[in-house]
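Below is a structure I'd like to ask you about.
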Amino acid sequence: MAKNGQAKVLSNDELSAVLDEIEHHRYPAKNALIIQISFKLGLRAQEMALLRIREVAALSDEFARGYKIKDVLVLPKSFTKGARAMAAVGNKTNERTSVRFTVAEFDRLVAQIAKDARRRETLTAADYYPPMKKPGGLTRELPLADSALLEAISRYLDERMALKKPLRPNDPLLLSQKGGFYSPNTLQDHMATMLREWSGIDRASSHSGRRTLATNLLHDQGEHLETVQKVLGHKSAATTTIYQDVTEQEVRQVLKKAGESYDL
């Protein structure tokens, strides 16, 4: 059952209500696509914010609609790093802004600097920085097979094509109000607005889509834990087991059945 602070798992009726409500607000095509990606592919808001057109479609005048939706969305592992991957998407150089040492590492470093200082005149601080960590996460290959998701992608890309502004493969898939990439925090807030303020679903958040998908796969469809782990991009299956908790709906059904068993 959901613990305090966990995002709410939506029922099919609630998800349908969200999609219906979106149609009464601005940018329905984009907002419907955001919800479809979240609930059908289980992407985090940070990952969605980084999506480019090239992840979901190939662009060419040879195609009747100017694009062709890909069979598989390949999500680079760097995207799972959220905001720290924004620089990579923008072709900027990641610059080190801080370093961290344990006490033992710092003591060894001071001793090494003192030793080197006795042997040479010039010391460069960068020579003593610890190695930068490589991007974490896993590359994920997610088939684009759901009909409603495919329809949402087509609807939004058709809308973008109609603006007569040339699209490029590295353009953001989901355009922010400023016409660029969403920041992860801004997209999280926007998704919370759609789910809670527009649709009135308490405890729903940008993580609800991911949690709803995982719960449905494990509890309703009975998929293997390893399969769900691959979909979600978890390094460890232990992380995926979080979604094996008894759901709120299951508790509700048990209590309802128990209540009906009383001859009152």
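Only the coordinates and a few stated rules stand behind these numbers; no lab work does. This structure is a prediction, so every number in the text was calculated from the model and none was measured. We place every Cβ from the backbone using ideal geometry, glycine too, and count neighbours over all the protein chains shown.
Tell me which aspartates and glutamates have Cα within less than 17 Å of Lys256's Cα, excluding those fewer than 8 residues away on the same chain?
Counting by Cα, and skipping residues close in sequence, Lys256 has these aspartates and glutamates nearby: Glu248.
Using 0.36 nm per residue, how much length does the chain from His24 to Ser154 gain when fully extended, once their Cα-Cα distance is taken away?
44.8 nm
Which whole-Hz ³J(HN,Hα) couplings does the stretch 199-206 yield from phi under the Karplus relation 6.51 cos²θ - 1.76 cosθ + 1.60, θ = phi - 60°, glycine and proline marked x?
9, x, 9, 5, 6, 6, 8, 5
Could you go through the stretch 54-60 in sequence order and give the Karplus-derived ³J(HN,Hα) for each residue, using 6.51 cos²θ - 1.76 cosθ + 1.60 with θ = phi - 60°, rounded to whole Hz, and x for Gly and Pro?
Taking θ as phi minus 60°, the curve returns 4, 5, 10, 8, 9, 9, 5 Hz for the stretch 54-60.
Right, next: Label Met161 and Tyr128 with points 7 Å out from Cα along Cα→Cβ: what is the distance between them in nm?
For Met161 paired with Tyr128, the spin-label model returns 5.9 nm.
Can I ask one more? Can you tell me which of 98-110, 225-237 comes out highest on packing, and rank the rest after it, using the mean Cβ neighbours within 10 Å?
Ranked from most to least packed, the peptides come out as 225-237, 98-110.
Among residues other than Gln112 whose Cβ falls under 12 Å from its Cβ, what is the net charge (Lys/Arg +1, Asp/Glu -1)?
Overall, the nearby charge balance is 0.
Mind ordering 182-194, 159-171, 201-213 by average Cβ neighbours within 10 Å, highest first?
201-213, 182-194, 159-171
Now, a different point. Given points 7 Å out from each Cα along the Cα-Cβ axis, report the Ala145 to Ala58 separation in nanometres with one decimal.
Inter-label distance under the simple model: 2.1 nm.
Let a ≥ b ≥ c be the square roots of the eigenvalues of the Cα gyration tensor of the stretch 146-249; is it rounded (a/c under 1.5), or, if not, prolate (a/b larger than b/c) or oblate? All intermediate terms of the calculation are to be shown ahead of the outcome.
Values: a/c = 2.18, a/b = 1.72, b/c = 1.27.
Judged from the Cα gyration tensor, the stretch 146-249 comes out prolate (a/c at least 1.5, a/b above b/c).
In addition: Taking a virtual spin label 7 Å from the Cα of Lys178 along the C-beta vector, which residues in the stretch 24-51 bring their backbone nitrogen under 18 Å of it?
Once the point is set 7 Å along Cα→Cβ of Lys178, 46-51 turn out to lie under 18 Å by backbone N, inside the stretch 24-51.
If I model a spin label as a point 7 Å beyond the Cα along the Cα-Cβ vector, how far apart are those points for Asp202 and Leu138 in nm?
3.6 nm
How large is the charge dipole for the stretch 145-251, taken about the Cα centre, if only the Cβ atoms of Lys, Arg (+1) and Asp, Glu (-1) carry charge, to the nearest 20 debye?
That gives a dipole near 680 debye.
Identify all aspartates and glutamates with a Cα-Cα distance to Lys235 below 12 Å; exclude those on the same chain that are fewer than 8 residues away in sequence.
Glu226
Can you list residues whose amide H is under 5 Å from Ser206's amide H, if they're 5+ apart or on another chain and H is modeled 1.01 Å from N?
Result for Ser206 returns Ala192.
Any chance you could run the full-extension gain for His224 through Val99? It's 0.36 nm times the residue separation minus the Cα-Cα distance, nm to one decimal.
41.0 nm
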